[in-house]
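Peer 1: One structure follows; several queries about it will come next.
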Amino acid sequence: MMPLLVFRERVRNFYQKYNDFILPGLKFIFAFIAFKMINTNIGNDERLSSLPVVLILSLLSAFTPSSIMVLLATGLAVLQIYFVSNILSVIVILILLILYLLFARFTPSMGYVILAVPILYLLKIPYIIPILMGLISSPIAIIPMGCGVIVYYLFQIVKSAATLQINMTIEDTLSLYTYVIDNLLKNKQLIMTIVIFSLTIVVVYTIRRMRMDYSSEIAIAAGALTGILGFFMSYFFVNNTGNIVGLIFGTIVSAIIVFVIHFFRMTLDYSGVEHTQFEDDVYYYYVKAVPKITVTTPQRNIKHISGSNMDRERRYRESNPYEDEDYDEDYDEEYEDTQR
């Protein structure tokens with residue numbers, strides 16, 4: 001356990017020392033992955049999919065708030081859809097505008113969650129978001145998480161709708177609009193996913209705030225179990241067998257990743273728990289204090305010994321065999337006198 005704690009402290013110290021460079025770098029990598037996945041899945045214009053455009057957008061996202069990253073990703077997706085169908089792009093803009101006005105504007109600092117959900121869906125581990133948000137945030141994270149799920153299913157519907165309207169005329173605009181809206185509002189799997197993810201966030205948040213030992217670790221396990229049982233029930237409810245093995249494997253991997261994040265974020269020493277009581281004019285307080293595990297990283301001191309220093313030391317010892325105990329002080333003084 002100690003080597004892991006030492007490694008954690010080194011990573012934390014490195015992050016704190018170079019935070020001004022690491023954070024923009026992480027935002028750049030996240031934005032680059034998001035833009036590349038948008039171009040890969042709904043990209044139809046080679047100019048927007050080119051590497052210079054993706055790099056420029058990623059650089060802008062690295063040094064701006066997360067809300068700007070969401071805006072750039074939305075604009076890129078809409079433009080890609082526009083080159084397939086003007087009608088579809090208008091429909092997507094309206095839906096995304098409704099999401100922003102009704103939900104996303106209340107949590108502008110969590111814009112990265114909206115982008116992370118579709119990305120993690122493509123990686124088959126979207127269960128990270130509800131477990132992690134319940135651990136480090138509050139139930140307010142349900143809003144951006146729900147928006148992210150809707151965005152993912154919206155783009156899946158748009159991809160299928162794009163294949164249906166190649167030879168469409170203006171008169172078919174209403175039918176295309178109806179197709180997208182109906183598939184979005186009547187998608188039972190979409191609704192069940194939002195409900196299960198929301199329930200997972202609430203479960204994890206509730207358990208990790210309890211006054212019991214290892215509450216955060218228990219909350220992670222409980223969130224993973226809630227997700228697995230919830231999707232099992234949803235499969236029966238929507239008459240969809242689904243990928244049971246992928247669900248279990250993806251949830252376990254997600255829980256492990258969240259546990260690693262929690263390990264680097266905070267590790268508590270429950271063997272040193274203390275209980276204290278105090279009062280003020282209004283309340284009497286019962287406090288449980290759990291110390292954080294902190295270790296001091298070992299320092300490596302390197303002593304450089306040259307050949308000339310070793311020769312001088314040997315000659316001095318040969319000429320002064322009885323002064324070994326006072327060698328350091330006497331040798332330094334004699335060496336300084338000879339230099340003068």
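Peer 1: Residues being among the hydroxyl-bearing types (Ser, Thr, Tyr) and assigned to a strand (DSSP E or B): count how many of those fall in segment 278-294. Give the derivation first.
Peer 2: First, pick out the residues of segment 278-294 that are among the hydroxyl-bearing types (Ser, Thr, Tyr): 283-286, 294.
If we keep only those that are assigned to a strand (DSSP E or B) too, we end up with 284-286.
Residues that pass the stated criteria total 3.
Peer 1: Checking Leu79 against (1) within 21 Å of the chain's Cα centre (by Cα); (2) at negative phi, which single condition isn't satisfied?
Peer 2: In the conditions (1) within 21 Å of the chain's Cα centre (by Cα); (2) at negative phi, Leu79 misses (1) alone.
Peer 1: Are any residues in segment 16-60 over 15 Å from the mean Cα position of the chain (by Cα), farther than 15 Å from Ala73 by Cβ and part of a helix (DSSP H, G or I), and if so, which ones?
Peer 2: Gln16, Lys17, Asn19, Asp20, Phe21, Glu46, Arg47, Leu51, Pro52
Peer 1: Continuing with this model, one more query. Is at least one residue of segment 204-218 at pLDDT below 95, in contact with a Lys or Arg (Cβ under 7 Å, 6 or more places away or on another chain), assigned by TED's automatic domain parsing to the domain that holds Tyr121 and surrounded by 20 or more Cβ atoms within 10 Å (Cβ to Cβ)?
Peer 2: So far as segment 204-218 goes, yes, one or more of its residues are at pLDDT below 95, in contact with a Lys or Arg (Cβ under 7 Å, 6 or more places away or on another chain), assigned by TED's automatic domain parsing to the domain that holds Tyr121 and surrounded by 20 or more Cβ atoms within 10 Å (Cβ to Cβ).
Peer 1: Ok, one more. Tell me, please, whether a residue that is among the basic types (Lys, Arg) and at pLDDT 85 or above can be found in segment 111-125.
Peer 2: yes
Peer 1: Shifting gears a bit: Restricting segment 228-265 to residues that are at pLDDT 85 or above and of a type in the set (Ser, Thr, Tyr), which is farthest from Ile191 (Cα to Cα)?
Peer 2: Ser254
Peer 1: Which one is modelled with the highest pLDDT among residues in segment 155-185 that are assigned to a helix (DSSP H, G or I) and of a type in the set (Val, Ile, Thr)?
Peer 2: Start the filter on segment 155-185 by keeping residues that are assigned to a helix (DSSP H, G or I), which leaves 155-162, 170-185.
With the extra rule that they be of a type in the set (Val, Ile, Thr), the set shrinks to 157-158, 170, 173, 178, 180-181.
Numbers: Ile157: 85, Val158: 82, Ile170: 58, Thr173: 68, Thr178: 79, Val180: 81, Ile181: 82.
Taking the candidates together, the pick is Ile157.
Peer 1: Filter segment 82-112 down to residues that are touching a Pro at 6+ places or on another chain (Cβ under 8 Å) and either in contact (Cβ under 8 Å) with a residue 40 or more places away in the chain or in the same structural domain as Ile142 (by TED's automatic domain parsing) (or both), then give me how many there are. Even if it seems obvious, please write down each step before you answer.
Peer 2: Step one: filter segment 82-112 for residues touching a Pro at 6+ places or on another chain (Cβ under 8 Å), giving 103-104, 107-111.
Narrowing further to those that are either in contact (Cβ under 8 Å) with a residue 40 or more places away in the chain or in the same structural domain as Ile142 (by TED's automatic domain parsing) (or both): 103-104, 108-111.
Selection size over segment 82-112: 6.
Peer 1: So how many residues does segment 80-118 have that are under 17 Å from Ala141 (Cα atoms) and not small (Gly, Ala, Ser)?
Peer 2: The first filter runs over segment 80-118 and keeps only residues under 17 Å from Ala141 (Cα atoms), leaving 99-118.
Subset that is not small (Gly, Ala, Ser): 99-103, 105-108, 110, 112-115, 117-118.
Matching residues across segment 80-118 total 16.
Peer 1: Quick one: which of Leu268, Leu225 is under 24 Å from the mean Cα position of the chain (by Cα), at pLDDT 85 or above and aliphatic (A, V, I, L, M)? Steps first, please.
Peer 2: Details: Leu268 fails: at pLDDT 85 or above.
Testing whether each residue is under 24 Å from the mean Cα position of the chain (by Cα), at pLDDT 85 or above and aliphatic (A, V, I, L, M) leaves just Leu225.
Peer 1: Hey, any hits in segment 186-202 for a residue that's more than 30 Å from Phe249 (Cα to Cα), modelled with pLDDT under 90 and either over 28 Å from the mean Cα position of the chain (by Cα) or not β-branched (Val, Ile, Thr) (or both)?
Peer 2: Within segment 186-202, the first condition is being more than 30 Å from Phe249 (Cα to Cα), and the residues that meet it are none.
No, segment 186-202 contains no residue that is more than 30 Å from Phe249 (Cα to Cα), modelled with pLDDT under 90 and either over 28 Å from the mean Cα position of the chain (by Cα) or not β-branched (Val, Ile, Thr) (or both).
Peer 1: Looking only at segment 40-47, decide whether some residue is hydroxyl-bearing (Ser, Thr, Tyr) and crowded, with 21+ Cβ neighbours inside 10 Å. Break it down into steps so the answer makes sense when it comes.
Peer 2: Step one: of segment 40-47, the residues hydroxyl-bearing (Ser, Thr, Tyr) are 40.
Adding the requirement that they be crowded, with 21+ Cβ neighbours inside 10 Å leaves none.
Checked segment 40-47: no residue is hydroxyl-bearing (Ser, Thr, Tyr) and crowded, with 21+ Cβ neighbours inside 10 Å.
The values are calculated or read from the model by the stated rules, or taken from the named source; none is laboratory data. Not measured: the values here are computed from a predicted model. Glycine gets a Cβ as well: all are built from the backbone with ideal geometry, and neighbour counts include every protein chain shown.
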